[in-house]
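Structure record follows, encoded as structure tokens.
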Amino acid sequence: MNRPRARNALGNILVDQLQEALVQLREDRQVRVLLFRSGVKGVFCAGADLKERERMSEAEVGIFVQRLRGLMNEIAAFPAPTIAAMDGFALGGGLELALACDLRVAAASSAIMGLIETTRGLLPGAGGTQRLPRCLGVPLAKELIFTGRRLTGEQAQALGLVNHAVAQNEEGDAAYQRARALAREILPQAPIAVRLGKVAIDRGMEVDIASGMAIEEMCYAQNIPTRDRLEGMAAFREKRPPEFVGE
């Protein structure tokens, strides 16, 4: 994301660009991990573009928020693992974007995040009221949304909101570098198994455990005929690193 003048605020054009990129990347089977980062130093995403929204009619606001919610749903449904690299401010819609990702990495001190909508007379409208409770639990999510509290990366890690919090470097991209390292841990693994694991977890968390077990069984059944599964078994038997091809 590289919209310096607006601190990567999510306006119509940036939302369009993100949606177009997701469409292209979703069709690329070579994509193993997708990282979201900022090209603007000191900010990940400042949230929705409220200056742009102020010029909208009530009907237009409703349509735009629906589009924003759709974008977050597309990120959440992306087939490969997704990682948000938060080196700076991630507020409102910016945190909602990060919550739509599978994993989150933040700079310990320079990343400031929060669902601050109530401080602007709003409430989270792009998935925040649903994804934050699923991430942190209902009481803590209510406290953070009701108060509009801002957290550092270090505080967010202590609560379980981010997977890793790292000390910022001179270049200001420590979270991005840690996200790349995390991606490199995922890359060697069997891509179909990783994608099916994501499906099993995401769908299983929305149902009772018996239904979740059935979802896991269906995902496992889809993985059995793959070349990668046979390669994994052969590599184990031959005591060598596997070479997965995504088939």
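The values are calculated or read from the model by the stated rules, or taken from the named source; none is laboratory data. Everything numeric here is computed off the predicted structure, so don't read it as measured data. Reconstructed Cβ throughout: ideal geometry from the backbone, glycine too, with neighbour counts over all protein chains shown. Remember, those area values only see protein heavy atoms, side chains included, never the ligands or the DNA or RNA. Shrake-Rupley method; radii C 1.70, N 1.55, O 1.52, S 1.80 Å.
Here are a few things to note about the model shown:
- Within region 134-175, the set of residues being under 17 Å from Leu123 (Cα atoms) and either open to solvent by less than 50 Å² (accessible area, probe 1.4 Å) or in a loop (DSSP other than H, G, I, E, B) (or both) comprises Leu140, Ala141, Leu144, Ile145, Gly148, Arg149, Arg150.
- Qualifying helices (runs of 4 or more DSSP H) (wholly inside region 184-247; at least 2 residues being open to solvent by 100 Å² or more (accessible area, probe 1.4 Å) and of a type in the set (D, E, K, R)): 209-223, 227-238
- Of all residues in region 42-57, those that are in contact (Cβ under 8 Å) with a residue 40 or more places away in the chain and assigned to a strand (DSSP E or B) have Cβ atoms under 9 Å from Cβ atoms of residues that are open to solvent by less than 40 Å² (accessible area, probe 1.4 Å) and of a type in the set (Phe, Trp, Tyr), 6 or more apart or on another chain, in Phe44/Phe36; Cys45/Phe36; Ala48/Phe64.
- Top-ranked residue of region 63-75 - restricted to ones that are within 20 Å of Asp202 (Cα to Cα) and open to solvent by 60 Å² or more (accessible area, probe 1.4 Å), ranked as farthest from the chain's Cα centre (by Cα): Arg69
- Among the residues listed as Ala106, Ala84, Ala80, the single one being within 17 Å of Leu14 (Cβ to Cβ), open to solvent by less than 20 Å² (accessible area, probe 1.4 Å) and either out of contact with any Asp or Glu (no Cβ under 6 Å at 6 or more places or on another chain) or assigned to a helix (DSSP H, G or I) (or both): Ala84
- So Thr119, is it touching a residue at least 12 places away in the same chain (Cβ under 8 Å), in contact with a Gly (Cβ under 6 Å, 6 or more places away or on another chain) and over 21 Å from Ala76 (Cα atoms): yes
- Of the candidates Glu52, Glu60, the single residue that is out of contact with any Leu (no Cβ under 8 Å at 6 or more places or on another chain) and exposed (fewer than 14 other Cβ atoms within 10 Å of the Cβ) is Glu60.
- Remark: Ile75 falls outside the filter, which requires a residue to be under 24 Å from Asp173 (Cβ atoms) and out of contact with any helix residue (DSSP H, G or I) (no Cβ under 7 Å at 6 or more places or on another chain).
- Every residue from region 130-170 that is touching a Ser or Thr at 6+ places or on another chain (Cβ under 9 Å) and among the hydrophobic types (A, V, I, L, M, F, W, C): Ala141, Ile145, Phe146, Ala165, Ala167
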